[in-house]
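**Student:** My structure is below; once you've seen it, I'll send some questions.
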Amino acid sequence: MKHEDTLIVGAGPIGLACAISAKRHGFDPLIIDAGAIVNSILHYPTGTGFFTTPELLEVGGHPFTCAGEKPTREEALKYYRGVVRAERLRVLPYTRLTAARRSNSGISCRMEHDVARLHRSVIWPPPCPTNQATEQEIQTQRLVLATGYYDNPNSLGVPGEDLPHVRQYFDEAHANVGLDVVVIGGRNSAVEAALLLYRAGARTALVSREHDFSGSVKYWLRPDIENRIRAGEIVAHLGATVTTIGQREVSVRLSSGATQQLPADHVYALIGFHADFELFRRIGIELDPESGVPRLNPETLETNVRGVFMAGSITAGRETATVFIENGRLDGEKIFGMV
Ligand SMILES: Cc1cc2nc3c(=O)[nH]c(=O)nc-3n(C[C@H](O)[C@H](O)[C@H](O)COP(=O)(O)OP(=O)(O)OC[C@H]3O[C@@H](n4cnc5c(N)ncnc54)[C@H](O)[C@@H]3O)c2cc1C
């Protein structure tokens, strides 16, 4: 079995920051990611602007400059891949951790390679397996989980949500021009998508369980969405629940108790994400049953499983909006500054 002194799972901003901390404290980490480097940012909608200023997104002290006041998705992709190159981080992309088991000799980590993609994807310096194996086991002394939440969309739990015209990610509006589109959700992603869809020329309806947008939506989006709704340009059903999704329509129970059918060529169910709690449980990590918050030593971020650490947004359990890049990027120092 192959050995690595430190394995970091997740090449998001926090995984990369952890890897830099590990290197600076004398370790030689291997980072694996189920997708590409900063895979979550890669899957933000095209043209997304960050709400955070660039200096707060920096990792490893590498300066982040951007054309405007705040960076775009595209500038962030360029920045983080530059960091990987500058730090000569060993990243193995398209490789998913599926299980890990603690024994007296260390932690055995089982991973699956997406061979079709990995074969052509060699990131500095080439760490790819030489054969075509789809699975591999690596033994490590330190396992850092920085897996985020963006891979696991929350489910509506209604019939029809698996139909092919129902999507859990919004990429861009253009493909919806001239169509009837229903956006489900009442937070930033849903509101931003509804505004982009309306402006691209989609007939847009927004369905949200929330009764208003206070507290859940960025302050600059709120007047925009409220004015579009007031003008009848976006049809909004607030305090409403989706009950069924059909081939061409969405059934909604309105706040009055009545039911309404909304025409829908495309449906975007943008109702948030959750960490891979199942993976954490399989590894033996104890989670608070309500909040999903893992049992961690707050000073070292070590879990109840010796040698297994957690970093970034997953430390917040279901409260995904409380730990982001700005306040998660120093987690690597907690982990590697103490060992
Ligand atoms: C549209 C949008 C805008 C945002 N704007 C901002 C902003 O302005 N400022 C800010 O601070 N935050 C922002 N965020 C939130 C920010 O993206 C997250 O807080 C941040 O990405 C969390 O970093 P992370 O490294 O913990 O997780 P992620 O960036 O999600 O990285 C986790 C990585 O782990 C990989 N992974 C998951 N499971 C496995 C597995 N089993 N095996 C291998 N790899 C795995 C994933 O592929 C992913 O690349 C925004 C989010 C969205 C959706």
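The values are calculated or read from the model by the stated rules, or taken from the named source; none is laboratory data. None of these values were measured; they are calculated from a predicted model. So basically every Cβ, Gly included, is an ideal-geometry build from the backbone, and we count neighbours across all protein chains shown.
**Student:** Got a sec? Which strands (runs of 3 or more DSSP E) wholly within the stretch 207-285 have at least 3 residues that are over 23 Å from the mean Cα position of the chain (by Cα) and surrounded by fewer than 16 Cβ atoms within 10 Å (Cβ to Cβ)? Please lay out each step first, then the result.
**Tutor:** Numbers: elements: 235-238, 241-245, 249-253, 259-263, 266-269.
Because the criterion is at least 3 residues that are over 23 Å from the mean Cα position of the chain (by Cα) and surrounded by fewer than 16 Cβ atoms within 10 Å (Cβ to Cβ), the strands (runs of 3 or more DSSP E) in the stretch 207-285 that meet it are 259-263.
**Student:** I would also like to ask the following. Please verify whether T48 is at pLDDT below 95 and farther than 23 Å from K23 by Cβ, treating the condition exactly as stated.
**Tutor:** On the way: at pLDDT below 95: yes; farther than 23 Å from K23 by Cβ: yes.
Here the answer is yes, as T48 does meet what is asked.
**Student:** Here's a follow-up. What pairs come up if the first residue lies in the stretch 159-177 and is closer than 18 Å to I41 by Cα, the second is assigned to a loop (DSSP other than H, G, I, E, B), and their beta carbons are under 7 Å apart, counting only those six or more places apart or on different chains?
**Tutor:** Pairs that qualify, where the first residue is closer than 18 Å to I41 by Cα and the partner is assigned to a loop (DSSP other than H, G, I, E, B), are Y169/H43; F170/P45; F170/L270; D171/P45; D171/T46; E172/P45; E172/T46; A173/A202.
**Student:** Let me ask another. Report the residue count in the stretch 8-37 for those that are under 20 Å from the mean Cα position of the chain (by Cα) and more than 6 Å from the ligand (Cβ to nearest atom).
**Tutor:** So the answer is 8.
**Student:** Mind counting the residues in the stretch 286-301 that are without any contact (Cβ under 8 Å) to a residue 24 or more places away in the chain and either in contact with a Leu (Cβ under 7 Å, 6 or more places away or on another chain) or in a loop (DSSP other than H, G, I, E, B) (or both)?
**Tutor:** The total comes to 7.
**Student:** Here is a list: E58, E75. Which entry is acidic (D, E), more than 7 Å from the ligand (Cβ to nearest atom) and closer than 19 Å to G148 by Cα?
**Tutor:** E58
**Student:** Can you pull out the residues in the stretch 61-72 that are more than 10 Å from the ligand (Cβ to nearest atom) and either under 21 Å from G332 (Cα atoms) or surrounded by fewer than 17 Cβ atoms within 10 Å (Cβ to Cβ) (or both)?
**Tutor:** Scanning the stretch 61-72 gives G61, H62, P63, F64, T65, A67, G68, E69.
**Student:** So, one more: Collect the residues in the stretch 2-29 that are among the basic types (K, R) and part of a strand (DSSP E or B), keeping them in residue-number order.
**Tutor:** K2
**Student:** Which condition number in (1) in a helix (DSSP H, G or I); (2) touching a residue at least 24 places away in the same chain (Cβ under 8 Å) is the one that R318 fails?
**Tutor:** All conditions pass for R318, except number (1).
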